[in-house]
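Participant: Quick one: structure below, then a few questions.
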Amino acid sequence: MSARDDTGVVERREVVVVGGGQAGLAVGYFLKQQGRNFTILEAADQFAAVWRERWDSLKLFTPARFDSLPGRPFPGDPDSYPGRDDVVAYLTDYARELKLPVELDSRVRAVRQADGGYRVELDGRAIHAQQVVIATGPFQVPVTPAIAEQLDPDVVQLHSTQYRNPGQIPAGPVLVVGGGNTGYQIAEELVRSHDVHLSIGPRQTPLPQRLLGRDVFTYLNALGVMRVTVSSRLGSRLQYRETLIGSSPIAARRRHRIHLHARTVEISGREVRFADQTSVTPATVIWATGFRLDHSFVQAPVFDDAGRLEHQRGVTASPGLYFLGMPWQHTRGSALLGWVKDDAQFIAHRIAELADTRARAAMPEREPIPR
């Protein structure tokens, strides 16, 4: 079936990139260098939509020198820590200055195998692509645990994506659930104006933001930790552990006066109980409980019986279908702003290889020249 828009004209691209965040823009840079006929489809109506949903005071825990996409350094002092609005501005300017073909407000409803390539379906139109990159990133569907439904409706509940600043939080005790970087950062901000409790599940390894006058990522990068592969012995252990950067339980308790609790195990009305037998009656609960991936729109044989994506560094068994920007796709840095370019360049190279192979296969065989 041909992909046609409302006028009946066939829309065709060599490559369609689904997702216009940092991963989609990074691979777009390399595709433009190759001279590909491609488009980047972004569901939101603005650039950097995921970053716009973060809280006002968010700061990256990587300094600017490690936050660049290919072809454009992150502006400002290389040793500074960019804020949310800095990242939004950088990604917006990146797409515009490089003239990347990003189509905003273009949500993809389905990607299906068709006519030797893929049919990418949107509202009211479809595009036929020879190859497709799914670059929808790691922050797709906010996760709130089922236990949240048991909380009294008078208690204000927010996922971390809905939190912006302390001014939106009513008076009274605040419970932040989630012991990752997001949970700690929000708790540390709120403790200046509220009585804050932090519920922590499995303990994360804390690292200082700076060590001997240098940012910790200077050491992690120099030692190769950021490029440890998921298939290595070390990578197989690290991928299930989050590292706290610049925060720690000791600092939270002693310096910030945050009340620490174990994992949240039970809720009854307004009371929240923890695995350490303590409890609290909060006025507000902020669920810093992360996200889950959603690739349900991809209709291709690339998932196992449990629905998990099967791939090798983002390359699937379905020719011409790739994934990019997922946590631990290949290394610790695969989903991070400053390191996603490594996987993006790898995927772009595979796209070029497959395109060249298909072009050679389509060339008619020449008759041997008589001697």
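Participant: Within the range 290-308, take every residue that is among the aliphatic types (A, V, I, L, M) and at pLDDT 95 or above and give me the one that is farthest from the chain's Cα centre (by Cα).
Facilitator: Ala300
Participant: Run Asp154 past the list (1) of a type in the set (Asp, Glu); (2) more than 30 Å from Ser199 (Cβ to Cβ); (3) out of contact with any strand residue (DSSP E or B) (no Cβ under 8 Å at 6 or more places or on another chain) and report the number of the one that doesn't hold.
Facilitator: (2)
Participant: May I pose another question? Would you check if Ala283 is of a type outside the set (Val, Ile, Thr) and under 27 Å from Pro327 (Cα atoms)? Reasoning before the result, please.
Facilitator: Values: of a type outside the set (Val, Ile, Thr): yes; under 27 Å from Pro327 (Cα atoms): no.
Criteria not met by Ala283.
Participant: How many residues does the range 335-356 hold that are under 17 Å from Val17 (Cα atoms) and crowded, with 21+ Cβ neighbours inside 10 Å?
Facilitator: Matching residues across the range 335-356 total 7.
Participant: Go through the range 281-329 residue by residue and tally those that are in a loop (DSSP other than H, G, I, E, B), among the aromatic types (Phe, Trp, Tyr) and either in contact with a strand residue (DSSP E or B) (Cβ under 8 Å, 6 or more places away or on another chain) or crowded, with 23+ Cβ neighbours inside 10 Å (or both).
Facilitator: 1
Participant: While we're on this one: Would you check if there is a residue in the range 119-132 being of a type in the set (Lys, Arg) and in a loop (DSSP other than H, G, I, E, B)?
Facilitator: no
Participant: Find the residue count for the range 65-107, including only residues that are within 15 Å of Val340 (Cα to Cα) and either part of a loop (DSSP other than H, G, I, E, B) or of a type in the set (Lys, Arg) (or both).
Facilitator: 8
Participant: Of the numbered conditions (1) closer than 29 Å to Asp67 by Cα; (2) of a type outside the set (Ser, Thr, Tyr); (3) without any contact (Cβ under 8 Å) to a residue 60 or more places away in the chain; (4) not in a loop (DSSP other than H, G, I, E, B), Phe217 fails exactly one; give the number of that condition.
Facilitator: The single condition Phe217 does not satisfy is (3).
Participant: Taking the range 330-371 on its own, how many of its residues are charged (D, E, K, R), part of a helix (DSSP H, G or I) and modelled with pLDDT under 90?
Facilitator: Of the residues in the range 330-371, the ones charged (D, E, K, R) are 332, 341-343, 350, 353, 356, 358, 360, 365-367, 371.
From the residues that got through so far, the ones that are part of a helix (DSSP H, G or I) too are 341-343, 350, 353, 356, 358, 360.
Checking which are modelled with pLDDT under 90 leaves us with none.
Within the range 330-371, residues that are charged (D, E, K, R), part of a helix (DSSP H, G or I) and modelled with pLDDT under 90 number 0.
The values are calculated or read from the model by the stated rules, or taken from the named source; none is laboratory data. These numbers were taken from a predicted model, which means no experiment stands behind them. Virtual Cβ from ideal backbone geometry, glycine too; neighbours counted across all protein chains shown.
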